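Nothing in this text is a laboratory measurement; each read-out follows from the coordinates by a stated rule. Since we're looking at a predicted model, the values are computed, not measured. Positions of Cβ are backbone-derived with ideal geometry, glycine not excepted, and every protein chain shown enters the neighbour counts.
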Amino acid sequence: MEKRKIKEKVFWLGAVDWDRRLFDSLVPLPDGTSYNAYLIEGSEKTALLDTVDPPMAETLMKQLNDVSKIDYIVSHHAEQDHSGTIPQVLKRFPEAKVVVTPKAANMLADLLKLPESAFVIAEDGQVLSLGDKTLKFIHTPWVHWPETMVTYLEEDRILFTCDFYGSHIATSDLFVIDQGRVHEAAKRYFAEIMMPFRNVIEKNIEKLKNYKIDMIAPSHGQIYDKPAWIMESYREWVSGPPRNLAVVPFVSMHGSTQRMVDYLAQALVKKGVRVELFNLVVTDIGRLAMSLVDAATLVVGTPTVLAGPHPLAAYAAFLANALRPKAKFLSIVGSYGWGGKTVETLAAMIPNLKVEVIDPVLCKGLPSDTDFEALDRLAGTIARKHQDSGFK
Ligand code: FEO
């Protein structure tokens, strides 16, 4: 992909990674991704905002072939998918200074071994003139690392946000065209890396609310030329109440836990609760994370194996604990052969979740009528608690 103009003297650069299917050796990328950099040519100075993941460095360096000088490289975020090509850009443009938050300077020194002399520190609210274009740096920490910031291009009212408001989609679209698709991808991305920090992100959103923003240009996915809807979606994900939704990640070895989960799902639906089941043997953890953005209740389904929860259920519990969703209620269902400490082990794995634990339903072997009655009671309790809390 070649350099593309988004406004007068403002260009998209970067690479579309159509084939990438996993990020950080953890996060599924069903739709690939892009690494967006931006070039702003002021009347006096030129700035490059972010770079690309190092395997895509050649693409960016080719796009810079007709650029005679870069005065500033603004690095919004030290993670290497945006910062990793800074050393190559500096080699081509040795006079350039790397503009960063104080925390990012330390991190880039560690990650890229850049010398202290490479950096210009951008304090919160600081302005940098490029001549007829003005950059304002706004610290927006914990999106999703502590050093993150965004840049507001005052004359064009463009907010450059890096991961913030981004989405992992590989496409030739420069601007958002398919809003439904981008909404889903952006929500998935929020869930996977930003949900644990939503209290800080809420403050960041508040900080941006008085800026007139015509465009949001993230460093993954497409540019929002009508940004109101994505800003509103973020507000909802960050501070809206949970929904009348129970999310049930489960694993079954010989079918007993599967029967319990299926029965519970039916019972919940009959009582008016929406349900999403995730068989952990085949599930996409990004989709599970996305459902946790809205869920009021989390029910983990697991057999007892080696005297505790199945390792896949333990993984789901660990993930939920790390993502700190808004869920208010939690329970456990599953089957065991002769005993074990499944409930105690799982309960100890979720200290970050501020949930009310509803009595688990564990059965010996195949579930019996008594066990199904217990599942009916569990469904009733969940439905009542959702109703009492006003979750819709
Ligand atoms: Fe796209 Fe946190 O890096």
Roughly how many Å is it from the Cα centre of region 198-245 to that of region 3-72, as a whole number? 22 Å
Given K270/K364; K133/K207; K187/K392; K103/K328, which pairs have Cα atoms separated by over 28 Å? K103/K328
Could you tell me which helices of the chain pass both thresholds, a Cα extent of 24 Å or more along their own axis and a mean Kyte-Doolittle hydropathy of at least -1.0, with helices taken as whole DSSP H runs? 369-389
Full-extension gain in nm, T370 to D214, via 0.36 nm per residue minus C-alpha separation: 50.2 nm
Note: R4 to K271 extended length (0.36 nm per residue) minus current alpha-carbon separation gives 90.9 nm
By the gyration tensor of its Cα atoms, with a ≥ b ≥ c the square roots of the eigenvalues, what is the shape of region 87-128: rounded for a/c under 1.5, prolate for a/b over b/c, or oblate? oblate
Candidates T342, T161, T140: whichever shows maximal mean-square fluctuation once the chain is modelled as a Gaussian network with Cα springs under 10 Å: T342
Quick check of the Kirkwood formula: for region 1-73, what is the inverse mean of 1/r over all pairs of different Cα atoms, in Å? 13.2 Å
On a C-alpha basis, how far is the centre of region 164-180 from the centre of region 265-280 in Å? Whole number, if you could? 31 Å
Quote the charge dipole size of the chain about the Cα centre in Debye, to the nearest 20; the model charges only the Cβ of Lys and Arg (+1) and of Asp and Glu (-1). 740 debye
Global form of region 223-273, assessed from the alpha-carbon gyration tensor, a/c cut-off 1.5: prolate
Once you list every other residue whose beta carbon is under 15 Å from the beta carbon of D178, what net charge do they have if Lys and Arg are +1 and Asp and Glu are -1? 0
Whether region 98-191 is rounded, prolate or oblate, judged on the alpha carbon gyration tensor where a/c under 1.5 counts as rounded: oblate
Run the numbers on region 245-389 and let me know its relative contact order in percent, using alpha-carbon pairs under 8 Å that are six or more apart. 28 percent
Of all the C-alpha pairs in region 47-160, what % are more than 20 Å from each other? 37 percent
Whole-Å semi-axes of region 245-389's equivalent ellipsoid (Cα gyration tensor): 20, 18, 14
Could you rank the peptides 28-40, 255-267, 200-212 by their average count of other C-beta atoms within 10 Å per residue, with the highest value first? 28-40, 255-267, 200-212
P(r) for region 4-239: what percent of alpha-carbon pairs falls in each 5 Å bin, starting at zero? 1, 7, 16, 20, 22, 18, 11, 4, 1, 0
In nanometres, the difference between 0.36 nm per residue of separation and the alpha-carbon distance of R92 and V281 is 63.3 nm
With the charge dipole of region 4-239 built from beta-carbon charges (+1 for Lys and Arg, -1 for Asp and Glu) about the Cα centre, the Cα from L90, Q80, N210 projecting farthest to the positive end belongs to N210
Excluding P303 itself, calculate the net charge of residues whose Cβ lies under 14 Å from the Cβ of P303, where each Lys or Arg counts +1 and each Asp or Glu counts -1. +2
Once normalised by the length of the chain, the mean sequence separation of its alpha carbon contacts under 8 Å that are 6 or more apart gives a contact order in percent of 12 percent
Springs between alpha-carbon atoms under 10 Å, Gaussian network over the chain: tell me which of A295, A228, A96 tops the mean-square fluctuations. A228
Show me 298-309, 83-94 ranked by packing, highest mean number of other Cβ atoms within 10 Å first. 298-309, 83-94
